[in-house]
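Structure, as structure tokens:
The values are calculated or read from the model by the stated rules, or taken from the named source; none is laboratory data. Quick caveat, the model's predicted, so the values are computed rather than measured. Virtual Cβ from ideal backbone geometry, glycine too; neighbours counted across all protein chains shown.
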Amino acid sequence: MRILISNDDGIKSPALLQLTKWAMKLGEVTIVAPKTEQSGKSQSIDFCGKIEVREVDLIPGVKAYSVDSTPADCVRFATAGLDTTYDLILSGINRGYNLGEDIVYSGTLGAVWEASRLGIRGLAISTDLPTFESAHIYLDEIYDFICSNKLFDQSIIYNINIPTEVCGIRITRQGGIYYSDKFVYCGDDMYVQEGAPIMYDTNDPDIDIDAVRSNYISVTPISVSRTDRVAYDILRGKVKAIKL
């Protein structure tokens, strides 16, 4: 199996190396990751200027490239730039949860959304800050859960969040807003955005946020589509096209 690994915390992230060492058990691994942190860049790409790409030494036997752009561009370079196909793309392990509606901002998710656009299976993996460098110990159980339940037969990309304490693994759906943000004035016409989790508990373990708060590893099937299928199915039977 040919595996691509990326992230949004940057190529120097220690969790990237841990994910790579684990993935080497599954097949041939290539790393293509951002030169610097790209958190919050979602699936953005840079098609306006030149992009620096450098081959770097990280792990013996693993080709690794530093890309001065976004996670999505890392996936694009790994496929189009290196003219290579992959069986699986792993993104992470991210420093901080990617839960609820806030996943739309995530560079970690941006990499697997780009994978999905290319028809490649992908897993976005995140955890909280205290377990950032130890969450890899659950990767065997997570991958076995995915394979034994044939999850890729139903969706080709999944969002995975690993709590600081783990009691199990469960399939979940995307919840609502997880983070609350504010703009803080720093002086000289400068602001910085600061965010904090909104800890609303709906006591529904089928929702990714509540599952993680209940110490379950959350595995959520996701899609790059933004179509509201419920509204579409209703409207297509009620609203007729018109000619202008």
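A few remarks follow.
- Close pairs from the stretch 81-109: first more than 13 Å from residue 7 (Cα to Cα) and free of Cβ contacts under 8 Å to residues at least 40 places away in the same chain, partner surrounded by 24 or more Cβ atoms within 10 Å (Cβ to Cβ) and of a type in the set (A, V, I, L, M, F, W, C), Cβ under 9 Å, at least 6 apart: 81/32; 81/67
- Residues of the stretch 22-55 that are under 19 Å from residue 85 (Cα atoms), under 19 Å from the mean Cα position of the chain (by Cα) and free of Cβ contacts under 8 Å to residues at least 60 places away in the same chain: 29, 30, 31, 32, 33.
- Residue check for residue 81: small (Gly, Ala, Ser) and at positive phi: no
- Qualifying residue in the stretch 121-135 (condition: among the basic types (Lys, Arg), over 17 Å from residue 13 (Cα atoms) and surrounded by fewer than 17 Cβ atoms within 10 Å (Cβ to Cβ)): no
- Within the stretch 113-125, residues that are over 12 Å from residue 152 (Cβ atoms) reach partners that are basic (Lys, Arg) and in a helix (DSSP H, G or I) with beta carbons closer than 7 Å, at six or more positions or on different chains, in the pairs 114/76.
- Residues in the stretch 4-21 that are surrounded by fewer than 19 Cβ atoms within 10 Å (Cβ to Cβ) and either farther than 11 Å from residue 66 by Cβ or among the basic types (Lys, Arg) (or both): 12, 14, 21.
- Scanning the stretch 11-34 for residues that are of a type in the set (Ser, Thr, Tyr) and not in a loop (DSSP other than H, G, I, E, B) turns up 20, 30.
- Residue list for the stretch 215-227, filter: small (Gly, Ala, Ser) and modelled with pLDDT of 95 or more: 218
- Residue among 224, 184, 219 that is more than 21 Å from residue 113 (Cβ to Cβ) and either surrounded by 10 or more Cβ atoms within 10 Å (Cβ to Cβ) or without any contact (Cβ under 8 Å) to a residue 12 or more places away in the chain (or both): 184
- Qualifying residue in the stretch 168-186 (condition: out of contact with any strand residue (DSSP E or B) (no Cβ under 9 Å at 6 or more places or on another chain), of a type outside the set (Phe, Trp, Tyr) and either closer than 22 Å to residue 225 by Cβ or part of a strand (DSSP E or B) (or both)): yes
- Here 184, 212, 230 are screened, and the one residue that is among the aliphatic types (A, V, I, L, M) and either under 19 Å from residue 131 (Cβ atoms) or at pLDDT below 85 (or both) is 212.
- Residue in the stretch 31-62 that is surrounded by the fewest Cβ atoms within 10 Å (Cβ to Cβ), counting only those that are over 16 Å from residue 112 (Cβ atoms) and touching a strand residue (DSSP E or B) at 6+ places or on another chain (Cβ under 6 Å): 55
- The single residue among 73, 87 that is acidic (Asp, Glu) and crowded, with 22+ Cβ neighbours inside 10 Å turns out to be 73.
- Count - residues of the stretch 158-181 that are at pLDDT 90 or above and more than 17 Å from residue 213 (Cα to Cα): 1
- Test for residue 143: is it hydroxyl-bearing (Ser, Thr, Tyr) and either surrounded by 12 or more Cβ atoms within 10 Å (Cβ to Cβ) or part of a loop (DSSP other than H, G, I, E, B) (or both): yes
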